[in-house]
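Before any comments, here is the structure.
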Amino acid sequence: MDHTFVSALVLLLLVLDPLGSLPIFISVMRNVAPERRRRVALRESAIAFGVLLLFMFTGQAFLSLMHLSERSLEVAGGVILLIIAMKMIFASGGELYASDGPPREPLIFPLAVPLLAGPSAMATVLLLASRQPERLLHWVGALTVAMSVSALVLLLADRIRKWIGHSMVSAIEKLMGLVLTAIAVEMILAGLKRYFLEP
């Protein structure tokens, strides 16, 4: 399943799921001073971008080190995306990263990792880079745009919730989950096809 810049961008936006992250982001940031929220959102987005960029550039070396084929990675990435998509459609994730400890400003966990740079996003950038390494600059550009959109959504989190309402955010997340399900199935089928039909 080869990608273009646009299809990679759409895939990354679906995987990063900035609208679906709003309830978790607002919940985690509730105990952060309002004047610090913008800085925290930008910092966590930058950390997530760095983590995904690292996975993108070291993807081929990682596959070689672990003796993994692109076909197995494609099937595994599709399975992970399918699980994430099912969670987006059927579950309410606002409590996923709730903490019972004392309130503190989040650093890396849970906003940067795993909310933005989660297993599905890592598998996706790894797969993009390993399948079409000659287009690495395109994937870096797609990741940059997708992460910028995610950061903007997080910065405008309170306003977006007020504009469109909680029910609309939930509906959009479920729609994204449905599209991501189709993409995940396509990835699994493409990996299986390459495994059984290609030498």
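The values are calculated or read from the model by the stated rules, or taken from the named source; none is laboratory data. This structure is a prediction, so every number in the text was calculated from the model and none was measured. We place every Cβ from the backbone using ideal geometry, glycine too, and count neighbours over all the protein chains shown.
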Qualifying position, being surrounded by fewer than 17 Cβ atoms within 10 Å (Cβ to Cβ), in contact (Cβ under 8 Å) with a residue 24 or more places away in the chain and not acidic (Asp, Glu), among Phe5, Phe55: Phe5
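Here is a yes/no grid of residues against (1) within 16 Å of the chain's Cα centre (by Cα); (2) at pLDDT 85 or above:
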residue: Met1; (1), (2): no, no
residue: Thr4; (1), (2): no, yes
residue: Ser7; (1), (2): yes, yes
residue: Leu11; (1), (2): yes, yes
residue: Leu22; (1), (2): yes, no
residue: Ser27; (1), (2): no, no
residue: Arg30; (1), (2): no, no
residue: Glu35; (1), (2): no, yes
The one condition in (1) at pLDDT 80 or above; (2) within 20 Å of Ile26 (Cα to Cα) that Met86 fails to fulfil: (2)
In region 150-174, the residues that are exposed (fewer than 13 other Cβ atoms within 10 Å of the Cβ), of a type outside the set (D, E, K, R) and either modelled with pLDDT of 85 or more or in contact with a Cys (Cβ under 6 Å, 6 or more places away or on another chain) (or both): Trp163
Total residues in region 58-86, condition closer than 15 Å to Ala121 by Cα, in contact with a helix residue (DSSP H, G or I) (Cβ under 7 Å, 6 or more places away or on another chain) and either of a type in the set (Val, Ile, Thr) or surrounded by fewer than 17 Cβ atoms within 10 Å (Cβ to Cβ) (or both): 4
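Conditions (1) within 18 Å of Ile26 (Cα to Cα); (2) touching a residue at least 40 places away in the same chain (Cβ under 8 Å); (3) part of a helix (DSSP H, G or I); (4) over 17 Å from the mean Cα position of the chain (by Cα), marked per residue:
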residue: Leu128; (1), (2), (3), (4): no, yes, yes, no
residue: Leu136; (1), (2), (3), (4): no, yes, yes, yes
residue: Ala142; (1), (2), (3), (4): no, yes, yes, no
residue: Ala146; (1), (2), (3), (4): no, yes, yes, no
residue: Ile164; (1), (2), (3), (4): yes, no, yes, yes
residue: Leu180; (1), (2), (3), (4): no, yes, yes, no
Failed condition for Asn31, given (1) out of contact with any helix residue (DSSP H, G or I) (no Cβ under 9 Å at 6 or more places or on another chain); (2) without any contact (Cβ under 8 Å) to a residue 40 or more places away in the chain: (2)
